[in-house]
Amino acid sequence: MMFSSNAHILPIQILDYGLLAILVVVAFAIVRMRSLFAIVMLQGVYSLVSAAWFVSLDAVDVAFTEAAVGAGVSTVLMLSAMLLADRQSEPVPMSRQIGPLAIVIIAGAAMLYAVGDMPAYGSATSPANSYVGIDYLARTAEEIHIPNVVTAVLASYRGYDTFGETVVIFAAGLGVLLLLGLNGNAGRWDAQPNGQRVSNTSAPTMRNVHSPLESSESPQDASETAKPLKTDVKTKGQNHA
Amino acid sequence: MHDPHVLLRVVSKFLIPLIALFALYVQFHGDYGPGGGFQAGVILASSVILYALIFGLPAAKLAFPPRWIRIGMTLGVLLYGGTGVFSFILGGEFLNYGVFAHDPSHGQHYGILAVELGVLCTVASVMVAIFYAFGSRQAETSNEDW
């Protein structure tokens, strides 16, 4: 489809280039901005536009995940994390920007150099379309009998990988719960975002004020606060850094 | 007295059950169309998060109690690993679902269903857990604060 000669450009190609151009513009806007709220929102926009681009590349499952995780949940998680920080990021002095700029230029040049070795889009001889991938496509219909090959590869042929991913998500949740606590009350911490003082003592009591019904779970909350004593140092260090 | 968010509350009260229902559709329709445990888990979690955003965190903690999180995230991993161990016991390799039924392709169906259910439990619980952990840390944001 994309191989047509330059004589006539398909509408889908115009759409692809348009979406990629929007991605570049949004990325520059994210880098230039100082308001964290706008940055988080633009990250959601970036994810949504890349999801649209994935749809145009026929990668519907990836697009679905990108729209749900990237544009949906991670935007909200970044917002809730942002509420503990200042609303504006401080400008970085020019002297500290030279190192990162050099790294970006070198990495970008290396990637542009590698583009020449990549197979053409949709090429039948590309690695994705020749070895094990073509085998999955041929065998799913007779071995698993489900129409969506992506699900067959994800859950059955590559079941080990998906198990690993599930454990990674479990570990991420465990890490957050150990550091912050289920109700955000683990360890001793205090911060002053926007001049408003918040600390471990204010967070749980706030909750009790708002909902007296929650007090039926107080024994569990007590164990929550008592357990993760080891995280005290880390949490404190982060807040003062 | 006058609630400035009344429109948001009415509309989202109508939308939240539909979002949760759509998560189940994505979960059980993953064999036939795009979707699966990861996407369904995130969508289910986003319905809880939307509820928390509109009606406040304490209300959300009554609807989806924090103790479900620890059970859910552990249960998901155990369900996935347990499916693998179960296929061991029935004489197959780890995570080889073909041994679950006489017809191997039926066994694959059951295995994929169990495994995706495990992914759903873990992903939904962890997403809500991260939101609760961060969201509980700050004071209520006033309307002018943004």
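What follows draws every value from the coordinates through simple rules; no lab data is involved. Since the structure is predicted, the reported quantities are computational estimates derived from the model, not experimental observations. Neighbour counts are summed over all protein chains in view; Cβ atoms, including those assigned to glycine, are modelled from backbone coordinates with ideal geometry.
The table for this structure:
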{"item": "Derived scalar couplings ³J(HN,Hα) [the range A:173-179; Karplus, 6.51 cos²θ - 1.76 cosθ + 1.60; whole Hz; x for Gly, Pro]", "result": "x, 4, x, 5, 5, 5, 7"}
{"item": "Cα gyration tensor shape for the range A:32-121, rounded if a/c is under 1.5, else prolate or oblate", "result": "oblate"}
{"item": "Long-range amide H partners of A:ARG87 with built H, under 5 Å", "result": "A:ASN194"}
{"item": "Cβ neighbours within 10 Å from other chains - mean over B:65-73", "result": "4"}
{"item": "Share of pairwise Cα separations in the range A:65-179, more than 22 Å, in percent", "result": "67 percent"}
{"item": "Helix axis angle, B:104-135 relative to chain B longest principal axis, alpha carbon, degrees", "result": "30 degrees"}
{"item": "Overall form of chain B per C-alpha gyration tensor (a/c, 1.5; a/b vs b/c)", "result": "prolate"}
{"item": "Cα centroid separation, the range A:58-79 to the range B:18-67 (Å)", "result": "14 Å"}
{"item": "Counted charge near B:ILE54, where neighbours are those whose Cβ lies closer than 12 Å (Asp, Glu -1; Lys, Arg +1)", "result": "+1"}
{"item": "Peptide-level mean, for B:110-123, of C-beta atoms on other protein chains within 10 Å", "result": "4"}
{"item": "Cα centroid of the range A:13-57 to Cα centroid of the range A:97-130, whole Å", "result": "20 Å"}
{"item": "Average other protein chain Cβ within 10 Å of Cβ, residues A:74-80", "result": "6"}
{"item": "Global form of the range A:1-82, assessed from the alpha-carbon gyration tensor, a/c cut-off 1.5", "result": "oblate"}
{"item": "Hypothetical label at A:SER35: residues of the range A:88-106 whose amide nitrogen lies under 20 Å (7 Å Cα-Cβ projection)", "result": "A:88-92"}
{"item": "Percent of C-alpha pairs per 5 Å bin, the range A:83-146, short to long", "result": "3, 12, 10, 10, 10, 10, 8, 8, 9, 11, 6, 3, 0"}
{"item": "Radius 12 Å from Cβ of B:SER105, net charge of other residues (Lys, Arg +1; Asp, Glu -1)", "result": "-3"}
{"item": "Crossing angle, helix B:37-55 versus chain B [Cα axis fit, 0-90 degrees, rounded to tens]", "result": "20 degrees"}
{"item": "Under the Karplus curve 6.51 cos²θ - 1.76 cosθ + 1.60, θ = phi - 60°, whole-Hz ³J(HN,Hα) for the range A:132-147, x wherever Gly or Pro sits", "result": "6, x, 5, 5, 4, 4, 6, 8, 4, 4, 8, 8, 10, 6, 10, x"}
{"item": "Rg to Rh quotient for the range B:69-112, alpha carbon positions, Kirkwood Rh", "result": "1.07"}
